[in-house]
Amino acid sequence: MDIQRSEFALIAKYFQARTAQNQTSSFSATKSATNSASTQQQFSSSSSLSLNSENKSRRDVAVSIGDDAAVVIPPADCGIAVTTDTMVAGVHFDDRVPVAALGHKLVAVNLSDLAAMGAEPAWLSLSCTLPKINEEWLAEFSSGFFKAVDYYRCALIGGDVTKGPLSLTLTAQGIVPKERYLTRKGAQPGDRIYVSGTLGDAALALAAQQQRVQLSDAAFSALEKRLFYPTPRVGLGQLLRNLATSAIDLSDGLAGDLSHILQASGVGAHIELHRLPRSKAFAESVNSADGWVYQLAGGDDYELCFTVPASRCGMLETIAVQAGVSVTQVGIIEGNKGLRYFNKNERCDLQLESFSHFA
């Protein structure tokens, strides 16, 4: 069948063949945890497309690609967390993004949502709207896509391909024990506010791409990797199930995303600006005040923000080491509603808004 004329042939060549191996596997929550530097190096390395997936089929997938619907069998006493994200050409990415990185990022941003719920990533459904069939583009995209899928031990179980303006949609489903999932609701006054990793790297890289700031070549290269290859904190999210009182993934910036926790929990907070974690490349490229804007309102971090009672902070340090992820306390939950900023005990009046598609 001519792939240039059939979406079924396209699916068979670039997506169905990658899920054809029918072997069993299992994995633990902590295997997904890794430090960002090694993960980015692995994902950004180039390799030729292989139509045989490195990932063994999950034994909880009864029916996969090739039927009218997939059938999955979740474990007993577990719920299914479901999230969907769309990436649109000209809105979320442009020609500066390597096509393989686009495949990786589509997976990563969805798994970051699952991480914020404490869910183990399991099953993915991919829908592609393509202006035309470009086999070179598809080979690069599916290579980056399946590297991430294989690394996080997920299974692609279905989706759709149609013609139109370039748009990519992924639905990710994860497994989480009943009554142990994390939500945005539950933060209490006195809880400490933590973030994983470093903040602002991707936003600063985007600003440099758009020539709004000037960076050294070394700094730009390091920061751009964070923009192209975000690391979803799936291992940390699962370890936080019995520790955190609330959690959210940082996709639109700390200021806006933390505000969702505050609203859902009916509380307020203060953030200590001097504590916001910075990578070496970020710290060497911007001053404190400019850096705060990127860290609080830049977006594209795909780190976790979560709240932990003071009595559990010691336990958090232990599980952070286990997950191989740095965590930083950046503030405290308060009873008075609203979000307030301080720099070394001095109140700062910052008016910040997170990214909005319709602003």
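Some points to look at:
- Segment 174-322 - charge dipole about Cα centre, Lys and Arg +1 at Cβ, Asp and Glu -1, debye rounded to 20: 480
- Overall form of segment 199-355 per C-alpha gyration tensor (a/c, 1.5; a/b vs b/c): oblate
- Counting only heavy atoms of the protein chains and using a 1.4 Å probe, H270 has close to 30 Å² of accessible surface.
- A Cβ-based charge dipole, computed about the Cα centre of segment 238-330 with Lys and Arg at +1 and Asp and Glu at -1, lands at about 340 debye.
- All other residues whose Cβ lies under 14 angstrom from that of R180 are scored, Lys and Arg at +1 and Asp and Glu at -1, for a net of -1.
- Note on segment 197-341: dipole from Cβ charges, positive end direction compared against A281, L243, A203; the farthest Cα belongs to L243.
- Within segment 258-359, the GluC sites (Glu not before Pro) that combine a DSSP coil assignment with at most 13 other C-beta atoms in a 10 angstrom radius are E284, E353.
- Rounded, prolate or oblate (a/c below 1.5 giving rounded, otherwise prolate when a/b exceeds b/c) for segment 253-346 by Cα gyration tensor: oblate
- Counting only protein chain heavy atoms and rolling a 1.4 Å probe, the accessible areas of D95, D113, D349, D150 rank, largest first, as D95, D349, D113, D150.
- Ordered from longest to shortest, the equivalent ellipsoid semi-axes for segment 110-193 are 33, 14, 12 Å, each the square root of 5 times a Cα gyration tensor eigenvalue.
- Residues D257, D160, ordered by accessible area of protein heavy atoms at a 1.4 angstrom probe radius and largest first, appear as D160, D257.
- Accessible-area composition of segment 47-202, carbon plus sulfur, in percent [1.4 Å probe]: 49
- Legend: residue pairs K105/K147; K280/K344; K105/K178; K147/K225; K225/K280; K105/K185, Cα-Cα distance threshold 18 Å; pairs beyond threshold, K280/K344; K105/K178; K105/K185.
- Taking all protein chains as shown and a probe of 1.4 angstrom, S216 keeps an accessible surface of around 70 Å².
- Heavy-atom surface of segment 222-359, accessible at 1.4 Å and reported per residue (Å²): 43
- Heavy atoms of V267: accessible area, 1.4 Å probe, square angstrom to 10: 10
- Gyration tensor verdict on segment 122-269 (Cα atoms; rounded if a/c is under 1.5, prolate if a/b is larger than b/c, oblate otherwise): oblate
- Among the chymotrypsin sites (Phe, Trp or Tyr not before Pro) in segment 294-358, those placed in a DSSP loop whose Cβ has at most 16 other Cβ atoms within 10 Å are F355, F358.
The values are calculated or read from the model by the stated rules, or taken from the named source; none is laboratory data. Keep in mind it's a predicted model, so treat the numbers as computed, not measured. FYI the Cβ positions are ideal-geometry reconstructions off the backbone, even for glycines, and counts take in every protein chain you see. Surface areas here come from the heavy atoms of the whole protein model, side chains and all, with no ligands, DNA or RNA. Shrake-Rupley method; radii C 1.70, N 1.55, O 1.52, S 1.80 Å.
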